[in-house]
Amino acid sequence: MDHKAQLARLGAIEDHSGRTVPVRTSKCLGICFEADVVVVQPSGEGRAAGGRPVWLGRVTEDELLEAVDDWIFDGGPGLAPLPAVLAGHVTSKDAKKPKKGKKPKHSKAAKKERRKAGKGSGGKGPEGASRPEKGADKGRAGSEKSDKAKKKAEKKAKKAKKAEKKARKKARKEAEGAGRG
């Protein structure tokens, strides 16, 4: 998606009175999972007619920008009905990120059985396929694991450094106390 072109397209929209519609950008609206978010504010007339801001998510196609343009030209929230093509894109600032499907849980007995099957075939899994060695998978999952491990190690090192600093401070205080007494 060419975000600069999209922003230029939005900045060129005019309302029914020929006034260029003001466009503001924000780094974060808090619903990043909705991709490109456009909030259409009602005009003064639209607000007086009961119009409220409409949040649209996943506005990534020219067809959708064209629909936003037409809607604003027709009056926007409060004065013109929401175009049908935009109906599936309505969201809100309070939108919740969709939950990922849970992986099926395996029973302990099934896990034991898989281990036995793996050992019985000379270290090979089902259908005689050999298992990859640890660290052999350099794919995304492996890098995520290594990132987690790095963060954990950094956190542990930071804790150790803090404890060492605390111990030195304590030793200094004790030395000062012994020198005074």
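Observations on the model:
- Residue in the stretch 56-65 that is under 17 Å from H3 (Cβ atoms), of a type in the set (D, E) and within 22 Å of the chain's Cα centre (by Cα) present: yes
- Scanning the stretch 56-81 for residues that are among the aromatic types (F, W, Y) and crowded, with 19+ Cβ neighbours inside 10 Å turns up just one, W71.
- Qualifying positions in the stretch 1-50 - open to solvent by 60 Å² or more (accessible area, probe 1.4 Å) and of a type in the set (D, E): D2, E14, E45
The values are calculated or read from the model by the stated rules, or taken from the named source; none is laboratory data. As the structure is a prediction and not an experimental result, all values here were calculated from the model. A quick note on method: Cβ atoms are made from the backbone with ideal geometry, for glycine too, and the neighbour counts reach across all protein chains shown. Only protein heavy atoms, including side chains, enter the accessible area calculation; ligands, DNA and RNA are left aside. Shrake-Rupley method; radii C 1.70, N 1.55, O 1.52, S 1.80 Å.
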